[in-house]
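What follows is one structure encoded as structure tokens, with my remarks underneath.
The values are calculated or read from the model by the stated rules, or taken from the named source; none is laboratory data. Quantities reported herein were computed from a predicted structural model and do not represent experimental measurements. Here the Cβ positions follow ideal geometry from the backbone for every residue, glycine too, while neighbour counts run over all protein chains shown.
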Ligand code: DP6
């Protein structure tokens, strides 16, 4: 609720330039596949934890006389694909706001970009909050999450802090748009950490959008994974409400491995997992044998995030950091909602 209030209250400034910050999220039950590409509607619901690490800070400034949008990324000009996605997103914002002014977008990203660590989620959540504000849209948290979804599906969850569910919604087109939003989920007494284990910080070989389209179109295992995902979602909500982190981790691990299995069965196969990923999975299984309630999840990349109680996180990080293929280890806790940064533009 806090996230919703904060995200909702802070958007309607309508000034010339606004800066917003958002954090990445890691899904415990994944989003993988769309039922409507135009409106960015997912096949299944998903549930994630927003991190308190690797924020993206984005400033959007209106330039009424400019002929096009300018996009800068980490101090340089953005790659064409990224700039195009951002321009298309701004078109959505302008259509909603009934305004035509172009903008300069400057984004600074602290997550290893495109390494399967959800950089686009933080990026589009920050952009949605900043752009909604600067174009004078007055949106509550739910509406902001629907807007962020149009940029990148997983971004709708980064609008909120803590544990967040993205509802698949009903139908397609405009009806689907209204019913497919994110909201915080209630959790019991939990003190969780995600130990992010980077085995390869480089860009992924196949962008997730392309990989999910291919999996959906060609993998005989995709339908089975999606059906199991709906059940996983209900069970995960229950486990979180009961404060049962061990069970939440077990559900997250099976859901992620099922997603990767569906990719491996695609024709031709998509394989993000590397020897390094498998070495981390082996070590996590061994930690469990030793009584540590740790479970792994893996996005569209080789890096592994390990869910465990915060009190075990330093020990888990030390174990995983000792694996030869592991380049760095980061301990994340539940992070905050996306917000406009303090009044420098007012
Ligand atoms: C594996 O949100 O990056 O991280 O909606 O096409 O932009 P688009 O895809 P994106 O996909 C994220 C996939 C995932 C799982 C998840 O975050 O739920």
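Out of 170, 137, one residue alone is part of a loop (DSSP other than H, G, I, E, B), more than 24 Å from residue 32 (Cα to Cα) and away from the ligand (no atom under 16 Å from the Cβ). It is 137. Per the listing 213, 209, 254, the residue uniquely under 24 Å from residue 153 (Cα atoms), assigned to a helix (DSSP H, G or I) and touching a strand residue (DSSP E or B) at 6+ places or on another chain (Cβ under 8 Å) is 213. Among the residues of the stretch 52-69, those identified as within 20 Å of the chain's Cα centre (by Cα) and more than 21 Å from residue 82 (Cβ to Cβ) are 52, 53. Criterion first (more than 20 Å from residue 98 (Cα to Cα) and within 16 Å of the ligand (Cβ to nearest atom)) does residue 191 satisfy it? When the stated conditions are applied, residue 191 does not pass them. Listed by first and then second residue, the pairs linking a residue in the stretch 51-72 that is assigned by TED's automatic domain parsing to the domain that holds residue 164 and free of Cβ contacts under 8 Å to residues at least 40 places away in the same chain to a residue that is surrounded by 15 or more Cβ atoms within 10 Å (Cβ to Cβ) and assigned to a loop (DSSP other than H, G, I, E, B), with Cβ atoms under 7 Å apart and 6 or more places separating them unless they lie on different chains, are 64/101; 71/78; 72/78.
Conditions tested, residue by residue: (1) within 12 Å of the ligand (Cβ to nearest atom); (2) part of a strand (DSSP E or B); (3) at positive phi.
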{"position": "18", "(1), (2), (3)": "no, yes, no"}
{"position": "39", "(1), (2), (3)": "yes, no, no"}
{"position": "54", "(1), (2), (3)": "no, no, yes"}
{"position": "57", "(1), (2), (3)": "no, yes, no"}
{"position": "60", "(1), (2), (3)": "no, yes, no"}
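Checking each residue in the stretch 288-310 for being assigned to a helix (DSSP H, G or I) and either out of contact with any strand residue (DSSP E or B) (no Cβ under 8 Å at 6 or more places or on another chain) or within 16 Å of the ligand (Cβ to nearest atom) (or both) picks out only 289.
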